[in-house]
Amino acid sequence: MTVLNPTSITGRVEALLVNPDAADESIETHATDQVEVSFEGLVGDRHAAMTCPADVRYRKQYSEGTPIRNARQVSIVSLEELAEVAGRMGIADLQPQWLGANIALSGIPSLTLLPPSTRLLFSSGASLVVDNENRACRFPAEVIETHHPDPQVGFVRAAREKRGLVAWVEKQGHISLGDDVAVHLPPRRLYPHA
């Protein structure tokens with residue numbers, strides 16, 4: 001019996017983006033046609049690592065700086081959701097690289113709402129495991145405002161539940177532009193004691 005089940009949902013890789021410069025203070029990423037994927041993440045991206053220091057996202061679990069598993073190796077966004085966020089903000093466009101995204105997909109409805117442990121299987125061979133929603137924060141907002149200085153609504157508010165996901169590598173391989181992406185879901189359940 002398998003716990004993860006294939007779905008009929010298939011997405012497509014529309015953009016691949018990396019930023020190799022760990023010293024670069026901007027979150028912006030840069031386009032490429034293909035990426036090699038290792039157990040550390042996207043080869044050549046500054047977020048590739050097996051571990052990372054705990055930051056503010058984990059303050060309820062660990063002291064800042066504690067070495068933990070890097071479950072945020074890859075940032076994934078949906079072009080459809082970015083269009084919705086741009087509409088909410090009253091701006092013409094919202095590019096994935098402005099959010100520091102690594103992969104922009106199309107064709108997966110409500111991408112940001114995929115549950116943790118969802119598998120994304122890429123036709124070039126790699127697979128990723130969804131860790132969690134990538135919550136909207138001020139860093140992309142700063143980049144967006146350099147391109148659209150007067151949005152009607154701020155990014156953090158407009159991007160709620162539309163910001164995308166973070167994931168980690170389960171199977172090494174490659175990801176290429178135009179790859180199909182199969183979605184495999186874990187069983188749906190709510191923990192009754194929370």
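The magnitude of the dipole of the range 1-159, with charges of +1 and -1 set on the Cβ of Lys/Arg and Asp/Glu and taken from the Cα centre, is near 700 debye. Please state the shape class of the range 1-91: rounded when a/c is under 1.5, otherwise prolate if a/b exceeds b/c and oblate if not, all from the C-alpha gyration tensor. It comes out rounded by the Cα gyration axes. Do you know the relative contact order of the range 1-158, to the nearest whole percent, from alpha carbon pairs under 8 angstrom that are 6+ apart? Answer for the range 1-158 is 24 percent. The residue list 63, 15, 52 was ranked by how far each Cα lies along the charge dipole of the chain toward its positive end, using unit charges on Cβ atoms, and 63 comes out on top.
Looking at the range 1-73, the trypsin sites (Lys or Arg not before Pro) that sit in a DSSP loop and have at most 11 other Cβ atoms within 10 Å of their own Cβ are 59, 60.
Annotation for residue 92 and residue 182: the two label points, set 7 Å from Cα along the Cα-Cβ direction, are 4.1 nm apart.
Every read-out reported here was derived from the displayed coordinates using simple, explicitly stated rules and does not represent laboratory data. No experiment lies behind these values; they were computed from the predicted model shown. Glycine gets a Cβ as well: all are built from the backbone with ideal geometry, and neighbour counts include every protein chain shown.
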